[in-house]
1. Treat every Asp and Glu Cβ in region 13-64 as -1 and every Lys and Arg Cβ as +1, leave all other atoms uncharged, and give the resulting dipole magnitude about the Cα centre to the nearest 20 debye.
2. In which sequence would R49, R28 go, from the one with the fewest C-beta neighbours within 10 Å to the one with the most?
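Just so it is clear, none of the values below were taken in a lab; they were calculated from the coordinates. Here the structure is a predicted model, which means the values were calculated and not measured. Note that each Cβ is placed from the backbone with ideal geometry, even for glycine, and that neighbours are counted across all protein chains shown.
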Amino acid sequence: MWLRKAGRERPCRARRSKIDDLGAALARVRAAGIAVEYGPVREPWGVRRFYVRDPFGRLVNNVLAHC
C-alpha cells in the first residue's frame, strides 16, 4: 500500500487513526468481536496504541498521542 505524505510516496505498513479515548475505542472493538493484533501498549515515546485489521486485512494503528 502506498500513501502520500508531504508530497512524497512512501510504503506504509498500517493506516493510522488518531483517537481521543483509547479505552472506549478498545472496548467498542472488543464488543464487536474484532481481534486486537497488538496492544494495547504504552510506547516508550509516550503514545498509547493498539492495532486491528480492517476488512481487507490491512493493519490499522489506533493511537492516542501524548498521554
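1. Here region 13-64 has a charge dipole of around 140 debye.
2. Result, fewest neighbours first: R28, R49.
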